[in-house]
Structure formats: C-alpha cells, structure tokens
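Here is the structure we will look at, set down as structure tokens.
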Amino acid sequence: MGFEKFGTVSFTSESKASDFVNYLEQGKVMTTRCKKCGQGFFPPRMDCPKCLTSDVEWFEIKGTGKLVTRAVVNYGPSGFENDAPYTLAIGDFGELRVFGRLSKSLKEGEIRAGMSLNIVPTKSPDGRVAYEFQKV
C-alpha cells in the first residue's frame with residue numbers, strides 16, 4: 001500500500017516511505033533515522049541528506065513532547081477547504097521536531113507553548129489514517 005490512505009487528501013499514491021502509512025494502521029507513529037550518521041527525520045526520509053546514504057531504520061516516536069509553536073488555518077488549501085479551521089503545530093520530541101495537527105478537542109484557551117503533547121495515530125470514518133497531537 002502507498003499513501004492513498006494517508007491524511008485528508010493524498011496527492012501521491014507511491015512513496016519510498018509508504019511503510020509510514022502501514023505503521024499508522026498498526027497504531028504507531030514511526031519515522032526514520034540514518035544508520036550511518038544517526039540523524040532522525042520527520043517526515044520519514046529514506047535517503048539521508050546529510051551523508052547521502054539510503055541506510056535508514058524505522059523507529060517509533062514515543063513519549064511526551066512539548067509544543068513549540070502553532071498556527072490556526074482558517075482557509076485550507078486545495079483539498080483541505082472543508083477541514084478549516086484547524087491548528088497546525090510543531091512538537092519537540094527531543095531527537096526531532098514533528099509537524100502535525102493539534103487535536104480539535106483542544107480548546108483555544110488550553111493551548112500554550114511548552115505544554116506537554118503525545119502524538120497519536122487517527123483513523124477517519126472513511127478509513128484514512130493520519131496522526132495528531134493530543135494534550136497529556
């Protein structure tokens with residue numbers, strides 16, 4: 001399987017990192033790390049831009065992260081028009097920073113830079129998979 005089941009809209013069905021979607025279906029948010037230089041990547045990359053090797057390994061993003069920043073999207077781009085408003089965020093999970101959506105269950109007054117986050121897989125009623133940040 002490729003990326004055709006990922007997110008709200010998929011603009012591609014094939015990717016070298018399509019195992020990302022398989023892991024989401026298994027309830028895991030995974031990404032990759034270069035075995036040669038140790039650099040972690042999110043979104044997952046199958047080729048290291050630092051040392052130019054394709055020797056990467058998958059690892060699960062676990063534990064608690066911290067909210068670095070966020071932005072409310074009021075007018076979604078093509079394919080996401082019906083999702084707005086939603087909040088995009090960057091979470092710091094130590095080894096790497098992760099970009100994603102904040103859970104719509106979070107109210108504006110609860111959201112603060114530095115707040116603790118978990119990253120969790122999600123599944124829509126139509127079977128599409130994604131991930132989101134939830135407050136710890």
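Any read-out appearing in this document is the output of simple, stated calculations on the displayed coordinates, not a laboratory observation. This structure is a prediction, so every number in the text was calculated from the model and none was measured. Positions of Cβ are generated from backbone atoms using ideal geometry, with glycine treated the same way; all protein chains shown enter the neighbour counts.
A compact table of results
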| item | result |
| --- | --- |
| Two-site FRET efficiency, ARG97 against SER54, from Cβ-Cβ distance with R₀ of 30 Å, rounded to 0.05 | 0.85 |
| Compactness index (Cα Rg / 2.2 N^0.38 Å), segment 3-135 | 1.08 |
| Candidates GLY76, GLY94, GLY109, ranked by Gaussian network fluctuation over the chain, Cα under 10 Å, top entry | GLY109 |
| Antiparallel DSSP beta bridges within the chain, as percent of all bridges there, nearest 5 | 90 percent |
| FRET efficiency, ARG112 to GLU81 (Cβ-Cβ, R0 22 Å, nearest 0.05) | 0.15 |
| Helical mean residue ellipticity (222 nm; -39500 (n - 2.57) per DSSP H run of 4+; nearest 500) of the chain | -1500 deg cm²/dmol |
| Derived scalar couplings ³J(HN,Hα) [segment 16-26; Karplus, 6.51 cos²θ - 1.76 cosθ + 1.60; whole Hz; x for Gly, Pro] | 5, 9, 5, 4, 3, 5, 4, 5, 4, 5, 8 |
| Listed pairs LYS36/LYS62; LYS50/LYS104; LYS16/LYS135; LYS36/LYS123 exceeding 25 Å between Cα atoms | LYS50/LYS104; LYS16/LYS135; LYS36/LYS123 |
